[in-house]
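Student: Mind having a look at this structure? Questions to follow.
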Amino acid sequence: MTEQAYNFAYLDEQTKRMIRRAILKGVAVPGYQVPFASREMPMPYGWGTGGVQVTAACLTPGDRLKVIDQGADDTTNAVSIRSFFSRTAGVAVTEATAEATLIQTRHRIPEHPLTEDQILVYQVPIPEPLRFLEPREPETRKMHSLEEYGLMHVKLYEDIARHGAIATSYDYPVKVEGRYVMDPSPIPKFDNPKLSGCPALQLFGAGREQRIYALPPYTRVDSLDFDDHPFDPSKADHDCDLCGAGDSYLDEVIIDDAGGRMFVCSDTDFCRSRRAAGHAGRLGTPAGEAA
Amino acid sequence: MASALTAETLGGGFDDAPIQSARAFRAALDAMARPGRIQVIGGAVPPAPLSVAAGTLLLTLADGTTPVHLAGDADCDALRGWITFHTAAPLVPAEAAVFAVGRWTDLLPLARFATGTPEYPDRAATLIVEMPVLEAKGSVLAGPGIRDRARLTLPDPDAFRANHALFPLGFDAFLTCGSRVAGLPRSTRVEDV
């Protein structure tokens, strides 16, 4: 049921046109951060205001929306954004990755492979990959224009000098089609390989920082590395304790006061559908039984 | 040159702007994100000679903040009045345009259009090129948004090669024909056949 007091998908038409123009320019220059006039949204900065504005500009009444927060459909952020669009746009919602036409995500890429008929919208806190190396916006803008990314490689090199390996484990910088260095948002580097050659359109919205950028389908995305220290999309050395999956990104959960812990899929839909299909892990229960 | 308010000027807009512009934008986004794939778009009924697709793109994307350039035939009283009434977009010469619409030969020379600056490549014009035919055959396209290769009828492949050579600067184009639209961003490589 749409709340009649709001325009379709909450934002006014003038705002949506402005965001839509920014999205189209972002698509035309993959990896480049397009400034846009981010609006105040009825949620605080840091709760996905950029992603929400991009989603609002893209939604059509026929869409089926999925929202995840760190892979989970049932956390506060995901639940409230889903209900926000269900009320202001009247769109259908789902928790199943395969059934969604538009997925808004905070910090994960779903395990289930995406298709050409889907759009993935990322919530981005800090869109500028060089920001912690160079705080001045005019300088980082110049560095992008000159393709001057030496500083980023120095940072990765210092990681290796200090830790023996590149210690960045999320927010791992990538290079898009050999041109722009881009911040993939704080997804684990485990997800980085899924950015490249993805059949779905990927859009990134940073509300507080007022930037939109994009990866068109099948765009080549390379995680930055060195010849002698190639990129390693690391993963916890366990299987999921609920569904037994050996190839998914895992969360570590403390389960008692005696050092007990378990590893579970961060993607709740992936884990649930595997258990529904009869898979069970070390602590898991087969389909139909209460966990 | 005050044009009278006629039914032609006042009509032909969206009946339900939020929904129709949302659908039209998704088609335009798909077109720009997958160069060579032709989308069908509609909702607007602009006066001649503008196509339904070009008119719908303008209603979806243009407003008082986006100067529009009308090239050749498109620069007629009926269209000036229609665009002004429905979008409030200022009508300007090519050099100042955010959107430019017209037939390919009328849009030349392309050097007049903004291609962005090295620090703000997004500040580039979007051309809406009215085509006599638009089909998924002809020139071979590759690049972001295209899995292997795509094909599209282009007005002048060399002009798009030159535009791609400016990347990350350059203009972006929608090619329109009737209610059909295809996107051709500056990131697309036009290959030699």
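The values are calculated or read from the model by the stated rules, or taken from the named source; none is laboratory data. The structure displayed is predicted, hence computed values, not measured ones. Every residue, glycine among them, receives a Cβ derived from its backbone with ideal geometry; neighbour counts consider all protein chains shown.
Student: Considering (1) surrounded by fewer than 18 Cβ atoms within 10 Å (Cβ to Cβ); (2) touching a Cys at 6+ places or on another chain (Cβ under 6 Å), say which one residue B:131 fails and leave the rest.
Tutor: All conditions are met except number (1).
Student: Here are A:78, A:28: which of them is surrounded by 15 or more Cβ atoms within 10 Å (Cβ to Cβ), small (Gly, Ala, Ser) and within 30 Å of residue A:247 (Cβ to Cβ)?
Tutor: Checking each option against the conditions leaves just A:78.
Student: Considering only segment B:1-41, state which residues are in a loop (DSSP other than H, G, I, E, B), within 14 Å of another protein chain (Cβ to nearest Cβ) and within 30 Å of residue B:137 (Cα to Cα).
Tutor: The answer is B:34, B:35, B:36, B:37, B:41.
Student: As an exercise: evaluate residue A:123 against (1) free of Cβ contacts under 8 Å to residues at least 24 places away in the same chain; (2) in contact with a helix residue (DSSP H, G or I) (Cβ under 7 Å, 6 or more places away or on another chain) and give the number of the one condition it does not meet.
Tutor: (1) is the only condition that residue A:123 fails.
Student: Could you please give the count of residues in segment A:78-90 that are free of Cβ contacts under 8 Å to residues at least 40 places away in the same chain and either touching a helix residue (DSSP H, G or I) at 6+ places or on another chain (Cβ under 9 Å) or within 14 Å of another protein chain (Cβ to nearest Cβ) (or both)?
Tutor: Residues in segment A:78-90 being free of Cβ contacts under 8 Å to residues at least 40 places away in the same chain and either touching a helix residue (DSSP H, G or I) at 6+ places or on another chain (Cβ under 9 Å) or within 14 Å of another protein chain (Cβ to nearest Cβ) (or both): 1 in total.
Student: When segment A:43-53 is examined, which residues are found to be away from chain B (no Cβ under 14 Å) and either touching a helix residue (DSSP H, G or I) at 6+ places or on another chain (Cβ under 7 Å) or among the charged types (D, E, K, R) (or both)?
Tutor: A:43, A:47, A:48, A:52, listed by residue number.
Student: Only one of B:106, B:172 is surrounded by 20 or more Cβ atoms within 10 Å (Cβ to Cβ) and modelled with pLDDT of 95 or more; which?
Tutor: B:172
Student: Between a first residue in segment A:181-193 that is farther than 11 Å from residue A:120 by Cβ and a second residue that is surrounded by fewer than 21 Cβ atoms within 10 Å (Cβ to Cβ) and among the small types (Gly, Ala, Ser), which pairs have beta carbons less than 6 Å apart while being 6 or more apart in sequence or on different chains?
Tutor: Close Cβ pairs (under 6 Å, with a partner that is surrounded by fewer than 21 Cβ atoms within 10 Å (Cβ to Cβ) and among the small types (Gly, Ala, Ser)) amount to A:189/A:169; A:192/A:223.
Student: So which of A:217, A:186 ends up being within 14 Å of another protein chain (Cβ to nearest Cβ) and either touching a strand residue (DSSP E or B) at 6+ places or on another chain (Cβ under 9 Å) or of a type in the set (A, V, I, L, M, F, W, C) (or both)?
Tutor: On inspection, the qualifying residue turns out to be A:217.
Student: Could you please tell me which pairs satisfy a Cβ distance under 7 Å, a separation of 6+ or placement on different chains, a first residue in segment A:21-42 that is within 21 Å of residue A:81 (Cα to Cα) and within 7 Å of chain B (Cβ to nearest Cβ), and a second residue that is crowded, with 20+ Cβ neighbours inside 10 Å and of a type outside the set (D, E, K, R)?
Tutor: A:23/A:54; A:23/A:57; A:23/A:203; A:23/A:212; A:23/A:214; A:23/B:29
Student: Restricting attention to segment A:92-102, and to residues there that are surrounded by fewer than 23 Cβ atoms within 10 Å (Cβ to Cβ) and without any contact (Cβ under 8 Å) to a residue 60 or more places away in the chain, which single residue is nearest to residue A:33 (Cα to Cα)?
Tutor: So the residue we want is A:101.
Student: Something else about it: Taking segment B:182-193 only, how many residues are within 12 Å of chain A (Cβ to nearest Cβ) and of a type in the set (A, V, I, L, M, F, W, C)?
Tutor: 1
Student: Output the residues belonging to segment A:54-77 that are within 14 Å of chain B (Cβ to nearest Cβ) and either under 18 Å from the mean Cα position of the chain (by Cα) or under 17 Å from residue A:97 (Cα atoms) (or both).
Tutor: A:54, A:55, A:56, A:57, A:58, A:59, A:62, A:63, A:64, A:65
Student: A further question on this structure: Please go through (1) assigned to a helix (DSSP H, G or I); (2) within 12 Å of chain A (Cβ to nearest Cβ); (3) among the small types (Gly, Ala, Ser) for residue B:55 and return the number of the only condition it doesn't satisfy.
Tutor: Result: residue B:55 fails condition (2) only.
Student: Taking the options B:42, B:81, name whichever one is in contact with an Asp or Glu (Cβ under 9 Å, 6 or more places away or on another chain) and more than 17 Å from residue B:123 (Cα to Cα).
Tutor: Residue meeting the stated conditions: B:81.
Student: Considering (1) over 24 Å from residue A:218 (Cβ atoms); (2) within 14 Å of chain A (Cβ to nearest Cβ), say which one residue B:131 fails and leave the rest.
Tutor: That leaves (2) as the condition not met.
Student: Hey, another quick one. Just give me the residues in segment B:145-158 being surrounded by 18 or more Cβ atoms within 10 Å (Cβ to Cβ) and touching a helix residue (DSSP H, G or I) at 6+ places or on another chain (Cβ under 9 Å), in sequence order.
Tutor: Residues satisfying the conditions are B:145, B:154, B:155.
Student: Out of (1) of a type in the set (S, T, N, Q); (2) within 30 Å of residue A:197 (Cβ to Cβ); (3) in a loop (DSSP other than H, G, I, E, B), the odd one out for residue B:60 is which?
Tutor: The number of the failed condition is (3).
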